[in-house]
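The structure under discussion appears below in the form of C-alpha cells.
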Amino acid sequence: MKTCLRISIAVNLMLVAGLVFIWSTRPKVGMPAKSSLVVLAVPPAQPRPAPVGPAAARPEPAPFRWQQLENRDYHIYVKNLRGTGCPEPSVRAIVTADVAAVYGQRRRMLEEKLARLADSSWSNRLALAGSEAGMRTELQNLPAAQDRLIADLLGLPPAPKPGATPPPAGEPNPEASLPLVFQDIDPVKLNLSPEDQMRLAYLRQSFLQEIGGAGQDTADPAYLARWQAAQPKYDSLLQGSLGNEVYNKIQMIEYQQTVAEETARLNSKN
Amino acid sequence: MKSTSLITAALLAAGLVTSASASSTVTVSGTTYTEVFITGSTAFRAFAYEAVAFGTVFDSAPTVVAKGGGAASISTSSYVAYGNIGGQPYLLNFDLTGSEAGLAAVYNASAGTSVAVTYPVSGPLFTGTATLAGTPIPTAFVNPTTAGFPATVTAAPDLAFADTSAAVSLNPTQNGTLTDFGIVAVIPFTWAKGYNSAPDASWTDLVNVSIPQLSYELTGAKKASYFTGKTADTDLVYLIGRNKGSGTRVNTFLTLNYGLSKSIVQYAPANSTYSSTVLTAGSVAPITSLAGLDVVGNDGFDSGGGVATTLEDNITGSHLITLGYIGLPDFLGSLSTGTPATALTLDGVAENDGNIINGEYAFWGHEHLYGQASPSTAALAVADALTGYVTVNGGAPNEALGSRSSAAGALESVFGNNASSTTLAGGHEASPNTQSSYAIDPVLMLADKPSDSGYPSQF
C-alpha cells in the first residue's frame, strides 16, 4: 500500500506540474494550431481566442478550478487538457505517466503472485499450473496493452497486437508501429506549406481507410496484416511527398517522443 | 467475338462494379459509336497506342486516324480508333496531355467542376499565371464528325493514364476519389546530358549522377566538378525539365525524395516561347554561351519533346552542360537524330530493362489507369478491355508487381506480343540488360518500391 501511495503522490505531483505549465503557457494570440492529430482524434474543444490588438484591454482570466479538467471518463479528461491549450508533449507525458502507474501496479501484483506461487508446494503449483501460465502471459502482454491504452487515450489509431498471427516461415514478425504520418507535427516549426499540410492530412486519412478505419479489433490477425502492409508504404509516401528534410525532422521528433515516454514510464516504476 | 461488354454489363447488374450511365455517341460514316475520351501520360502513349491499334481492345483491327487525318503511330498524342468492342461500336478518342493534367481533367469531369490548374511563372520569357495545358479539360480531342478529321473538340475525359498513383498527384484529396483501374506497367525515365559535337573535359567527365547530387542540382546550376569530382570541370550544369503537369517530374521528385511541393530552378533555350502560357521549345539550334539559356524557374516544358529538343541543341563551346530528366520515348527518339542526347548512369547504374526488373535502377514509376469516380458503362468496358479490371480481376485493381501482379487485358498482352521490338518488348527481349523499352511488363518485375516513392528492393 505504501508503494501505491507513493505512486499516487507522484502522479498527482506530475498533474499539478502539468497544470502549472498549462497555466503559464495558456494559448497566446496568434499561436499556431499545435497538433493536427487532434483532427483525427477529437475535435478542438473550444475555438481559439480571437486576435486582439496590442492596445486592447485583456480581461483577467477566470480562476482555474480542478473541475474544469477532471472527468470520470479519461478520454474527456484528455480532451479537456487539450482544450485548455496544454501542449501535446505535456498531454502525452501526463497520459503516459498515468497509464504507466496503473499498469505498474498490475505488473507488481502479478509478479508478487508468481513469486508466492514459486515458493509454494509442488502440488499447489501443479494445481495452479493453468493460472500460472495465464499470469505469465498477461505479464508478457502488459507492455503492449499499456501502449494500446496510451494510443487510445491520445486518440491515435490502435496498433494491432504484434504476433497476433504467426509469421510465414523464414520471415520476421515485425512489431506494429505507428506510421510517421501520425507523429505530432507542428506545421509551422517544420515549415510545411499548405500543400504539404493537405498531403499530410490525405496520407493520414488514406492510411486509416487502408487499415479498415478506426475501432478495429486489435487482436484480429487480418488487421495486423493490413497494418503491417500499410505502415512502410505510408512512411515511404510521407518521405516522397514531403521530402527528406522534413522526413528526417519528423523521425527526430518521433525519437525524442519515444525517449520522453520511456523516461516517464521508467520514472513511474521507480 | 469478345464478350467484354456483356460480362461488364452482367457484373454491373450484379452490383460487383458500379457505374454511372452517361455515355456520348458520335456518328462516323453512317455508323453510330459510343465515344470514350482518354487522356493522361504522354510517356506511356506508345503502349496505349499498341494496345488499341494492334492489341485485343477491339474485336478486330480498328480504324486509327491521327488528328488532321494522317496515320497515327506510337508517338501520336491525338488520334481516334474505332471499331467493335464486344460486338458494339466504340470510338476511342485520345488527347494525351500529361499525367497530372489528365488526372485533374478526369476529376473535373467526375465532379462536374471546371477548374484549371494554374501556377505562377516569373522569368525573362514570361511572367504571370500559367494554365496547365489539358486543364480544366483537354481541348485537342479529334473531331471525328468532320471528314479528314481536321478539327478538334474539347471534351470531358473518361479515362486517364498516370505515371504515378493518385496519392502523390498534384491534388491527392481530389484525385483519390477517382476509380483506380490499377497498375498497368512500370514506366522508366532517364537522366541525360545535351549534345556536344566537340566535348570539353567537363562534358566528357560527366557520365554519372547520384541522387544526393541531383537533389542539390534542382535548386540551381552547379559546376560539373560537383558531379565528377574533378576540380578542373568548371562548366555549369543547367537543369532542363518539365512543368507541374508532368508525371515525369513527379517521379523525378519522388526518386530524389525532394518534396513534391517544393520549387526548383529550371532553364530553357532562349529561342523558346510561351504559347498561351505554355512553355514551348523552339527549333533545335546551337547554344553557344550562357546567353543561349533563360531561367524559367519552377516552370518547364509541357511535354518531354521540349526537353528532348533542348538536349539536342549543340552546346559546344558554351562552357555549360544541359542536363534533363526524360521519358524513354523522347530520349530514344533523340538517339535517332543527328544531335542525340547522352544517357547518364544514376548512382552508377545504367537505365535498361534488366536493371529495372532486378531493382538496381531506381528512376521509374508505377503506371496507372484512372477513371471517373463512377465511370460510365462504356468507360468501364474500355478500361476492362485495357486492363482486365472487371472480367479478370472482378473489380479489384492490380496493385502489385512481379508474381503477385494481376495485370491483364490488352495492355498486358502488348508486352508479350513484342518480344522482338527494341522499344516495346518491355523486358521480354532476349537481352534485357542491353535494351531499353518504353515501359516494362509489371509481371516480369523482380523488385518493387515500398510505394510510389522509395527505392526498389527485390521480393
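Mind checking whether some residue in the range B:60-67 is in a helix (DSSP H, G or I), in contact (Cβ under 8 Å) with a residue 60 or more places away in the chain, of a type outside the set (S, T, N, Q) and surrounded by 19 or more Cβ atoms within 10 Å (Cβ to Cβ)?
no
Hey, residue B:365 hits all of (1) more than 14 Å from chain A (Cβ to nearest Cβ); (2) surrounded by 24 or more Cβ atoms within 10 Å (Cβ to Cβ); (3) not in a loop (DSSP other than H, G, I, E, B) but one; which does it fall short on?
Among (1) more than 14 Å from chain A (Cβ to nearest Cβ); (2) surrounded by 24 or more Cβ atoms within 10 Å (Cβ to Cβ); (3) not in a loop (DSSP other than H, G, I, E, B), residue B:365 violates only (1).
Report, by residue number, each residue of the range B:239-287 that is within 14 Å of chain A (Cβ to nearest Cβ), hydroxyl-bearing (Ser, Thr, Tyr) and more than 17 Å from the chain's Cα centre (by Cα). Walk me through how you get there before you give the answer.
So in the range B:239-287, the residues within 14 Å of chain A (Cβ to nearest Cβ) come out as B:244, B:247, B:249-264.
If we keep only those that are hydroxyl-bearing (Ser, Thr, Tyr) too, we end up with B:252, B:255, B:258, B:261, B:263.
The answer is B:258, B:261, B:263.
Condition test on residue B:239, is it in contact with a helix residue (DSSP H, G or I) (Cβ under 9 Å, 6 or more places away or on another chain), not charged (D, E, K, R) and not in a helix (DSSP H, G or I)? Steps first, answer last, please.
Details: in contact with a helix residue (DSSP H, G or I) (Cβ under 9 Å, 6 or more places away or on another chain): yes; not charged (D, E, K, R): yes; not in a helix (DSSP H, G or I): yes.
For residue B:239, the condition - in contact with a helix residue (DSSP H, G or I) (Cβ under 9 Å, 6 or more places away or on another chain), not charged (D, E, K, R) and not in a helix (DSSP H, G or I) - is met.
Residue B:223: within 14 Å of another protein chain (Cβ to nearest Cβ) and of a type in the set (D, E, K, R), yes or no? Even if it seems obvious, please write down each step before you answer.
Working: within 14 Å of another protein chain (Cβ to nearest Cβ): no; of a type in the set (D, E, K, R): yes.
Answer is no for this residue.
Here is a yes/no grid of residues against (1) more than 14 Å from chain A (Cβ to nearest Cβ); (2) surrounded by 24 or more Cβ atoms within 10 Å (Cβ to Cβ); (3) at negative phi; (4) at pLDDT below 95:
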position: B:152; (1), (2), (3), (4): yes, no, yes, yes
position: B:158; (1), (2), (3), (4): yes, yes, yes, no
position: B:163; (1), (2), (3), (4): no, yes, yes, no
position: B:167; (1), (2), (3), (4): no, no, yes, no
position: B:177; (1), (2), (3), (4): no, no, yes, no
position: B:181; (1), (2), (3), (4): yes, yes, yes, no
position: B:187; (1), (2), (3), (4): yes, yes, yes, no
position: B:190; (1), (2), (3), (4): yes, yes, yes, no
position: B:200; (1), (2), (3), (4): yes, no, yes, no
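Kindly provide the set of residues from the range A:226-256 that are in contact with a Pro (Cβ under 7 Å, 6 or more places away or on another chain) and either among the charged types (D, E, K, R) or more than 14 Å from chain B (Cβ to nearest Cβ) (or both), ordered by number.
A:227, A:233, A:235
List the pairs whose first member sits in the range A:243-270 and is closer than 25 Å to residue A:149 by Cβ, whose second member is assigned to a loop (DSSP other than H, G, I, E, B) and of a type outside the set (A, V, I, L, M, F, W, C), and whose Cβ atoms are under 6 Å apart, counting only residues at least 6 apart or on separate chains?
Hits for this filter: A:250/A:183; A:253/A:183; A:254/A:183.
Looking at the range B:68-84 only, could you name the residues that are closer than 20 Å to residue B:329 by Cα and either under 16 Å from the mean Cα position of the chain (by Cα) or outside any loop (DSSP other than H, G, I, E, B) (or both)? Before you say what the answer is, go through the steps one by one.
Within the range B:68-84, the first condition is being closer than 20 Å to residue B:329 by Cα, and the residues that meet it are B:71-79.
Listed by number, the residues that qualify are B:73, B:74, B:75, B:76, B:77, B:78, B:79.
Residue pairs, Cβ under 6 Å, 6 or more apart or interchain, first in the range B:191-207 and free of Cβ contacts under 8 Å to residues at least 40 places away in the same chain, second in a helix (DSSP H, G or I). List them.
Every condition considered, the pairs that remain are B:205/B:228.
Can you confirm whether the range B:272-289 contains a residue that is crowded, with 22+ Cβ neighbours inside 10 Å and of a type in the set (Phe, Trp, Tyr)?
Checked against the condition, which is being crowded, with 22+ Cβ neighbours inside 10 Å and of a type in the set (Phe, Trp, Tyr), the range B:272-289 yields no hits at all.
Residue B:129 is checked against (1) surrounded by fewer than 17 Cβ atoms within 10 Å (Cβ to Cβ); (2) within 21 Å of the chain's Cα centre (by Cα) and fails just one. What number does that condition carry?
Here residue B:129 clears every test but (2).
Restricting the search to the range B:200-214, which residues are closer than 15 Å to residue B:258 by Cα and either aliphatic (A, V, I, L, M) or not in a helix (DSSP H, G or I) (or both)?
B:210, B:211, B:214, listed by residue number.
Would you pick out the residues in the range B:431-458 that are more than 12 Å from chain A (Cβ to nearest Cβ), assigned to a loop (DSSP other than H, G, I, E, B) and not small (Gly, Ala, Ser)?
B:435, B:438, B:441, B:445, B:446
Pick out, from the range B:85-140, the strands (runs of 3 or more DSSP E) lying fully within it that include 2 or more residues that are in the same structural domain as residue B:153 (by TED's automatic domain parsing) and among the hydroxyl-bearing types (Ser, Thr, Tyr).
So the answer is B:118-122, B:127-131.
Give B:422, B:391 a once-over and let me know the one that is buried (at least 20 other Cβ atoms within 10 Å of the Cβ), outside any helix (DSSP H, G or I), of a type outside the set (D, E, K, R) and in the same structural domain as residue B:49 (by TED's automatic domain parsing).
B:391
Looking at A:202, A:223, which one is surrounded by 15 or more Cβ atoms within 10 Å (Cβ to Cβ), aromatic (Phe, Trp, Tyr) and within 12 Å of chain B (Cβ to nearest Cβ)?
Unique residue meeting the criteria: A:202.
Cβ-Cβ distance below 9 Å, separation of 6 or more or different chains: which pairs start in the range B:129-141 with a residue that is among the aliphatic types (A, V, I, L, M) and end on one that is in a strand (DSSP E or B) and surrounded by 24 or more Cβ atoms within 10 Å (Cβ to Cβ)?
Qualifying pairs under 9 Å: B:130/B:279; B:137/B:37; B:137/B:39; B:140/B:95.
The values are calculated or read from the model by the stated rules, or taken from the named source; none is laboratory data. In this text, all values refer to a predicted model and were calculated from it rather than measured experimentally. Positions of Cβ are generated from backbone atoms using ideal geometry, with glycine treated the same way; all protein chains shown enter the neighbour counts.
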